[in-house]
Amino acid sequence: MERVKVTWFHAVRGCVTVRIAGSGTERLLSDAAGDGIELLALRRTSPGEIECIVTVGDFSRLRPHLRRTGCRLRIVGKRGLPFQLARIGRRKFFAAGLVLFFIGLYLLSSLIWRIEIEGNERLTDEQILAAARAEGLHVFQWSFRLPGAEELSRRLNTALPGTAWVGVEKRGTLVTIRIVETTEPEPRTLLSPRHLIAKEDAVVTRITATRGRPVVKKNQRVKKGDVLISGILGGDGLHVNVPAEGTVRGLVWHEYDITSSLVRKAKTYTGERRTVWHAVLGDRSLKVSGFGEPPFAKYESVLRQENAAWRGIVLPIGRIRETQLEVTFVERRLTEEEAAAEGLLQARADILRKAGADAVIRAEKILHRKTENGKVYMKVLFEVEQSITDEMPLVQPQGE
């Protein structure tokens, strides 16, 4: 008998691999060929036994020949479309659940779960979200119901006042709205008529009047409350009041009493550490490891929270890693010169903080210094060049 190979057509119809044993196998093969039954991939496995593949349609036609020849048949395997369909039919609930799972996954990934806003300063998030909602963009909206990104950007740019450009970007379930606001000139503050006066006793080092009349000169000593730049222009009964503007700098003397300890306590890390884990659900956490008291007398805790995420969505579940670092405090003894230098450094920083960012320390003089009870005491005079202007409103006389 000619050996016929299995083709895709046979697989579609369904095939059964069988083994036929008995003394009448030769007669069975002859009768099957005469009846038009195709025995595919025919081979002899042992004396008196053959193996072949039969289509589902020919399998039932083969049974009469088995009875007539006294041969026995054993099914080895099944393959093909009919058997796959039958297998799926037996697992229809599983198959239906699998299909529903993928449908649900697709639908969930088609929803907008989060909207982020970047670049806005004057416009509030609520204003931008309200404009986006009016265009159909909001949380739990279907992605396929939204217009294109360019069209949505154009609409939002029209709807939001004071925007030069609006960009909309969608990544998965996250939509990012980027705002570029128009640059508006700062409104000029209307100033009331005023004098600029000295806020400290000082010696003037520089004066620049952009509006008003300068009253003092460089190197002139002034007292607190003296007029530096007058807001009254004119004379002989004809005058006008203006808001004086300008810059006046002067040398101001500050006397400081400084106390600096000779002993400093410094915190150091020993390198010993312990890790404790916490499970997080919403705004609650539960310790899951590291029970009991820490093995350190003193320690600091560093917390790091890690939340689970899916397709860009941060889920309200996660974990907190708490790292407990052992610390120790070491005392360091300073010399008198080192303690005095640290005290002067702190005093300089305090002066510059109070006098303004443009202040400059021109000189310093230690008037008195002593050491007792583990501390250094100093009285220091600082000469600082700084802005010395303050405002004094001009009051219009009654009847003018």
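Of the residues in segment 108-127, how many are in a strand (DSSP E or B) and under 14 Å from L160 (Cα atoms)?
Summing the residues that are in a strand (DSSP E or B) and under 14 Å from L160 (Cα atoms) in segment 108-127 gives 1.
Over 20 Å from W253 (Cα atoms), free of Cβ contacts under 8 Å to residues at least 40 places away in the same chain and not in a loop (DSSP other than H, G, I, E, B): does that describe I361?
Here the answer is no, as I361 does not meet what is asked.
Yes/no per residue for (1) modelled with pLDDT under 95; (2) part of a strand (DSSP E or B); (3) under 28 Å from V215 (Cβ atoms); (4) not acidic (D, E):
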{"site": "A349", "(1), (2), (3), (4)": "yes, no, no, yes"}
{"site": "R353", "(1), (2), (3), (4)": "yes, no, no, yes"}
{"site": "R369", "(1), (2), (3), (4)": "yes, yes, no, yes"}
{"site": "V376", "(1), (2), (3), (4)": "yes, yes, no, yes"}
{"site": "Q396", "(1), (2), (3), (4)": "yes, no, yes, yes"}
{"site": "G399", "(1), (2), (3), (4)": "yes, no, yes, yes"}
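Residues checked against (1) under 14 Å from G246 (Cβ atoms); (2) outside the structural domain of E118 (by TED's automatic domain parsing); (3) within 42 Å of the chain's Cα centre (by Cα); (4) modelled with pLDDT of 90 or more:
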residue	(1), (2), (3), (4)
G167	no, no, yes, yes
G172	no, no, yes, no
I177	no, no, yes, yes
R188	no, yes, yes, no
I207	yes, yes, no, yes
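Which condition breaks for Q324 when tested against (1) in contact (Cβ under 8 Å) with a residue 12 or more places away in the chain; (2) over 30 Å from Q305 (Cα atoms)?
(2) is the only condition that Q324 fails.
Can you tell me how many residues within segment 182-208 are in a strand (DSSP E or B) and crowded, with 18+ Cβ neighbours inside 10 Å?
First pass over segment 182-208, keeping only residues in a strand (DSSP E or B): 194-198, 202-208.
Narrowing further to those that are crowded, with 18+ Cβ neighbours inside 10 Å: 194-198, 202, 204, 207.
Selection size over segment 182-208: 8.
Taking segment 209-220 as the search range and keeping residues that are under 24 Å from V240 (Cβ atoms) and over 51 Å from the mean Cα position of the chain (by Cα), which one is surrounded by the fewest Cβ atoms within 10 Å (Cβ to Cβ)?
Ranking the candidates gives K217 first.
Would segment 240-252 turn up any residue that is closer than 30 Å to Q324 by Cα and either of a type in the set (A, V, I, L, M, F, W, C) or part of a strand (DSSP E or B) (or both)? Lay out the reasoning, then the answer.
Residues of segment 240-252 that are closer than 30 Å to Q324 by Cα, as a first pass: none.
Looking for residues that are closer than 30 Å to Q324 by Cα and either of a type in the set (A, V, I, L, M, F, W, C) or part of a strand (DSSP E or B) (or both), one finds none in segment 240-252, hence no.
Kindly indicate the residue of segment 67-107 that is in a helix (DSSP H, G or I) and in contact (Cβ under 8 Å) with a residue 12 or more places away in the chain and also surrounded by the most Cβ atoms within 10 Å (Cβ to Cβ) among those meeting that condition.
Within segment 67-107, the match that is surrounded by the most Cβ atoms within 10 Å (Cβ to Cβ) is T69.
Looking only at segment 343-374, count how many residues are surrounded by fewer than 16 Cβ atoms within 10 Å (Cβ to Cβ) and farther than 29 Å from T389 by Cα.
7
Going by the conditions given, is E342 within 45 Å of the chain's Cα centre (by Cα), of a type in the set (D, E, K, R) and not in a loop (DSSP other than H, G, I, E, B)? Break it down stepwise before answering.
Working: within 45 Å of the chain's Cα centre (by Cα): yes; of a type in the set (D, E, K, R): yes; not in a loop (DSSP other than H, G, I, E, B): yes.
Criteria met by E342.
Across segment 228-287, what is the total count of residues that are among the polar types (S, T, N, Q), more than 37 Å from the chain's Cα centre (by Cα) and surrounded by fewer than 12 Cβ atoms within 10 Å (Cβ to Cβ)?
Total meeting the criteria: 1.
Which number in (1) assigned to a loop (DSSP other than H, G, I, E, B); (2) touching a helix residue (DSSP H, G or I) at 6+ places or on another chain (Cβ under 6 Å) marks the one condition that H138 misses?
Condition (2) is where H138 drops out.
Restricting to segment 268-303, and then to whatever is hydrophobic (A, V, I, L, M, F, W, C) and in a loop (DSSP other than H, G, I, E, B), can you tell me which residue is nearest to E326 (Cα to Cα)?
The selected residue is F296.
Quick one: L100 ticks every box in (1) at pLDDT below 85; (2) closer than 30 Å to V12 by Cβ except a single one, so which number is it?
(1)
If you scan segment 296-322, which residues turn out to be out of contact with any Asp or Glu (no Cβ under 9 Å at 6 or more places or on another chain) and modelled with pLDDT of 90 or more? If you could, list the steps in order and put the result at the bottom.
In the first step, residues of segment 296-322 are kept if they are out of contact with any Asp or Glu (no Cβ under 9 Å at 6 or more places or on another chain); the result is 305-315, 317, 322.
Across segment 296-322, the qualifying residue is only E322.
Residues I115, I75: which one is farther than 21 Å from R13 by Cβ, β-branched (V, I, T) and in contact with a strand residue (DSSP E or B) (Cβ under 6 Å, 6 or more places away or on another chain)?
On the way: I75 fails: farther than 21 Å from R13 by Cβ.
On inspection, the qualifying residue turns out to be I115.
Run down F140, F144 and say which single residue is within 28 Å of L105 (Cα to Cα), aromatic (F, W, Y) and either out of contact with any Ser or Thr (no Cβ under 9 Å at 6 or more places or on another chain) or assigned by TED's automatic domain parsing to the domain that holds T210 (or both).
F140
The values are calculated or read from the model by the stated rules, or taken from the named source; none is laboratory data. In this text the structure is predicted, and so the values were computed from the model without any measurement. All Cβ positions, even for glycine, are placed from backbone atoms using ideal geometry, and neighbour counts span all protein chains on display.
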